[in-house]
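Let me begin by presenting the structure, written as structure tokens, before commenting on it.
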């Protein structure tokens, strides 16, 4: 039988950057400090293709995914990104004609959260992993990314001051100095923020600690179970910490610099945030990418 | 050549309720009072299939859509739902073995909106149309649905009172009677509301008037362009009209009863609303379906 | 503190059909014959609201979900639909003003599949559950739905005969009687089929058996790992069993009648299928809803 | 009233890479050779933010979009990407503190297609535009991207040879030399391919010509209206030109090099393709990015 993939392509010879499979869904079991978590993950994997070959051996990719992920049901993986690294290495081992491999995985992740111990509930977050492996001269280089996403709440500091100003004119008898301290109405909304760290293969970061940074960067975290008094408390908390998307990104970066002193200075940090504005039909977004050592030198003299 | 569709199916004979095509994308031009609108519509069409036939002649469906929709570029249709009716009639005419036809179309729709005349902007809404045609004893019966959806804002009346109560204790010197009138902080969020009217083929309803009802039922409409003072105004408006999703649904139904006295009492009204809660990661929804004459008798003694 | 939800609404009194929460994401652990499965489920829950109340106590819903679903991590639930039933009962117990409760849940589900024992891989399906509970005169009535969805492949029987006819003219020397048996080219594509059973609360149906029906109704199931020869085998299998969407729906219904003799004749069966046509940019769909006893009498004399 | 955006941020000073609005929906009218097209576009716009400012003036963005896009209803724009360039320039003009602006727009696009002149139908494609403007030392630099996406069909060359081999054993009397020319069964599926060109602001490329390249790179284009004989024709065409995703990417690149001799050699070309495999539940993807002059030198000696 002809091995059509291994044949030379008839069109002009062109090496291709990425060939692989995407939209693969798998249960992925990861071991966290507290317990094992079964995630429903979405995965894509790619290798490059030399100009001498017509096609990539894609059935190997599916087999590697079965071997690396299906088995986590019995032998859990340490993390989403560790799974990506393992797959990337295996891709290069099994596609001997390839020089580069790329793996991306993402999954929903649940952790127990509550405004008080008797209001605990499993709430949804997202985890992202990526790995890039490349080989040249027999040397293998592997990098990976660890990403987390959490939904919380932002309250706008600008509309708050506009409303305070308007209402202090409308209610002059209330407009004392204390009135300036009164949490004031503004628009507030769902905010979805993501923090990603790009590091060497050997560096380990606990995703839960990154999610803590995300929730602290927003005006307030949100919760599934809120009794009447709790609702008021979350609203008050958010209005006492009004934040633009710009503030959220700055907080993501600054908190990362503070909380992860053990990470190498070369770590790349990507902070992204999106507020699904209540007063607009569109979203407001901010994003910044920086190297950790630069953020650390910046963090000197932090006042907020 | 064998006509495989017209052959008898080999499995036990079963008439089928719906066979057709879905996910068809088309530009649909409709004539509104002000101007023509070109919509990017998503369409699905179905007819039933008698037990004597193996398959439905689906290429006729695609041809009917080309004839009925592509031609609106030259000859605009009066509305999304009128297009659905036309297609449903044509489906029965061209599938002579069928007794029932169903058509659904939906599209984004833009209309100029602004908090003031110098802040106008085209903002996005959704239009929905449906038509059902059935024939028995040579008689054709056609019904249709007209649906609209708009995004606005809701502010929660409950958390507002909780916060007022908490803050009146924390700021006792402000807690005068006037303090009770002060718009108070609460959670506010995007609200997506939909209003649908099911009527006979001959009844016409202007979708823009239905969208006005949707935007009036929410705590406040939202706008693309809001200068600083405008933002405060929208926030104030919403906080002066705090609404649960339950309130939004009641308002949708009541306003429909008030604003459309010309509609037959047999008109079915479906009101649906979804608030993308800022203090939760999930949404809050309410929905009710009623007949117009029942809503009209209810509306007596309306106080809000 | 005012209980704003329990206040009378100020607009005309209107009882509402459905008020609740949607888009709730939860890990749901279910016990299957083989092992426990952790699903990432999406849930929505509703109760009705009498005209005397302004709002529904939504925090109770979130609490019921935490109690009914979060706890499955420790004490697995028998199934998605059993979880829905439990929640529906609890909703009525905790919203004493409500007469009806509705719960919907859906989740991805993985099961091991392979074209041969050494090609096994976890593949993705979907499970759906619904429950409706209603009470009147102290009597509680509960119904539930069990739904499954699987992706497979269909090959078109019509284009196959057209191509055979064309090629028998082009290759007259091949066009012997045996040529008519040769599997012939046609368009083939992803098919997504869903089977739903509506039954009383006490009836139990194993979802895996329903998924077997889905995969048997398509031209061929599909697999993640296919070595070269396997690919050919799947292609051959599908072309030896070409099927319209109409055939798939008839097979879903007929196989259900055959395979589930233990189910009550009043069971409602909903069969839906969608082929993502390779020769069109749109999908082809068919759907039928029937009562089981009617399907059983139909199944007499089945020939396929 | 305090200008909160212009205040210094209280956290450590950090310039931010991107702040803006996303998910803005607008009707965008573009002038094509044949006629004007009204697209329903999705837009996002960003500028950078210096460390001295707390927030970006986002209401200006909404205003620029209203001025640049809403007005195309009266005065059509030449193209999606020209609209992006105009907006990017305006962003820098109106955010005097910014040095970089980025704009992305995408929209569905319909063009008349048919397997024959009496089978014409409007079919759906996608257009993408991007623009990046940056200023330093009073100099403005603008680059843009023009992207198109089209859905067609691929037939797998590998499974075809496997099936030929199997069937030549099963039908030895048919297995003559002519049997090797007989179009053979294989899996075929929807393919979604995208071609993007990155060029200087002044370079113009007709999107329709790029879409022609996309449809030629696939095994066959697909059509909405196919009568019985046409279906067979499309199936035959695709099976006479079986293509891996790797072949599609190579064809996209090679055809671009051939068809656009007028483009500067520095043009970057991005070719991406995704086949929604009929024999798998996942997709197969390939992608390559190259510079045009490199593709041109490669194209010498093309044989396919």
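The values are calculated or read from the model by the stated rules, or taken from the named source; none is laboratory data. This one's a predicted model, so the numbers in the text were calculated from it and none came from an experiment. Ideal geometry is used to build each Cβ from the backbone, glycine not excepted, and the neighbour counts take in all protein chains shown.
Quick notes on this structure:
- Cβ-Cβ under 6 Å pairs, at least 6 apart or on other chains, segment B:17-33 side assigned by TED's automatic domain parsing to the domain that holds residue B:60 and within 14 Å of residue B:108 (Cα to Cα), far side at pLDDT 95 or above and part of a loop (DSSP other than H, G, I, E, B): B:29/B:76; B:30/B:76; B:30/B:79
- Residue-level analysis places residue B:225 outside the set of residues that are closer than 21 Å to residue A:153 by Cβ, in contact (Cβ under 8 Å) with a residue 24 or more places away in the chain and in a loop (DSSP other than H, G, I, E, B).
- Taken together, the residues in segment C:49-64 that are in contact with a strand residue (DSSP E or B) (Cβ under 7 Å, 6 or more places away or on another chain) and either surrounded by fewer than 23 Cβ atoms within 10 Å (Cβ to Cβ) or farther than 25 Å from residue A:190 by Cα (or both) amount to 2.
- The numbered conditions (1) out of contact with any helix residue (DSSP H, G or I) (no Cβ under 6 Å at 6 or more places or on another chain); (2) farther than 26 Å from residue C:86 by Cβ; (3) assigned to a loop (DSSP other than H, G, I, E, B) are all true for residue C:186 except (1).
- Residue B:90 at pLDDT 95 or above, surrounded by fewer than 19 Cβ atoms within 10 Å (Cβ to Cβ) and assigned to a helix (DSSP H, G or I): no
- Unmet requirement for residue A:178, which otherwise passes all of (1) within 26 Å of residue B:226 (Cβ to Cβ); (2) within 8 Å of chain B (Cβ to nearest Cβ): (1)
- All positions within segment A:11-43 that are crowded, with 20+ Cβ neighbours inside 10 Å and under 17 Å from residue A:133 (Cα atoms): A:16, A:18, A:19, A:20, A:21, A:43
- Lone qualifier among A:198, A:211 - being modelled with pLDDT of 95 or more, farther than 26 Å from residue D:9 by Cα, outside any loop (DSSP other than H, G, I, E, B) and under 22 Å from the mean Cα position of the chain (by Cα): A:198
- Inside segment C:126-144, residues that are in contact (Cβ under 8 Å) with a residue 12 or more places away in the chain, farther than 22 Å from residue A:40 by Cβ and surrounded by fewer than 24 Cβ atoms within 10 Å (Cβ to Cβ) make up a count of 7.
- Check on residue B:106, surrounded by 22 or more Cβ atoms within 10 Å (Cβ to Cβ) and outside any helix (DSSP H, G or I): no
- Condition met for residue D:161 (assigned to a strand (DSSP E or B) and within 14 Å of chain C (Cβ to nearest Cβ)): no
- When the criteria are applied in full, residue A:277 fails the requirement of being more than 23 Å from residue B:283 (Cα to Cα), more than 8 Å from chain D (Cβ to nearest Cβ) and part of a loop (DSSP other than H, G, I, E, B).
- Taking the criterion of being at the interface with another protein chain (Cβ under 10 Å from one of its Cβ atoms) and surrounded by fewer than 23 Cβ atoms within 10 Å (Cβ to Cβ), the residues of segment B:263-273 that qualify are B:270, B:272.
- Members of segment C:112-157 found to be over 24 Å from the mean Cα position of the chain (by Cα) and more than 27 Å from residue A:71 (Cβ to Cβ), listed by number: C:135, C:136, C:137, C:138, C:139, C:140, C:157
- Look at (1) surrounded by fewer than 23 Cβ atoms within 10 Å (Cβ to Cβ); (2) more than 10 Å from chain B (Cβ to nearest Cβ) and you find that residue D:46 fails only one, number (1).
- Scanning segment C:149-182 for residues that are without any contact (Cβ under 8 Å) to a residue 60 or more places away in the chain and crowded, with 23+ Cβ neighbours inside 10 Å gives C:162, C:163.
- Residues being within 18 Å of the chain's Cα centre (by Cα), more than 9 Å from chain B (Cβ to nearest Cβ) and not in a loop (DSSP other than H, G, I, E, B) - total across segment D:1-43: 5
- Against the list (1) in a helix (DSSP H, G or I); (2) over 30 Å from residue B:115 (Cα atoms); (3) within 8 Å of another protein chain (Cβ to nearest Cβ); (4) over 21 Å from the mean Cα position of the chain (by Cα), the condition residue A:254 fails is (4).
- Filtering segment B:236-253 for residues that are touching a helix residue (DSSP H, G or I) at 6+ places or on another chain (Cβ under 9 Å) and more than 30 Å from residue A:188 (Cβ to Cβ) leaves an empty set.
- Conditions (1) modelled with pLDDT of 95 or more; (2) more than 9 Å from chain D (Cβ to nearest Cβ); (3) under 30 Å from residue D:126 (Cα atoms); number of the one not met by residue B:65: (2)
- Odd one out for residue A:206, checked against (1) without any contact (Cβ under 8 Å) to a residue 24 or more places away in the chain; (2) more than 29 Å from residue B:231 (Cβ to Cβ): (1)
- Count of residues meeting criterion [under 15 Å from residue C:56 (Cα atoms) and not in a loop (DSSP other than H, G, I, E, B)] in segment C:93-103: 5
- Taken as a whole, the condition of being in contact with a strand residue (DSSP E or B) (Cβ under 6 Å, 6 or more places away or on another chain), surrounded by fewer than 21 Cβ atoms within 10 Å (Cβ to Cβ) and farther than 29 Å from residue D:246 by Cβ does not apply to residue D:116.
- Filter result for the condition that a residue is within 22 Å of residue B:182 (Cβ to Cβ), crowded, with 23+ Cβ neighbours inside 10 Å, more than 8 Å from chain B (Cβ to nearest Cβ) and at pLDDT 95 or above, over A:219, A:193: A:219
- Tally, over segment B:238-247, of residues that are within 14 Å of chain A (Cβ to nearest Cβ) and touching a strand residue (DSSP E or B) at 6+ places or on another chain (Cβ under 6 Å): 4
- Listed conditions (1) buried (at least 24 other Cβ atoms within 10 Å of the Cβ); (2) more than 12 Å from chain C (Cβ to nearest Cβ) are all met by residue D:235, apart from (2).
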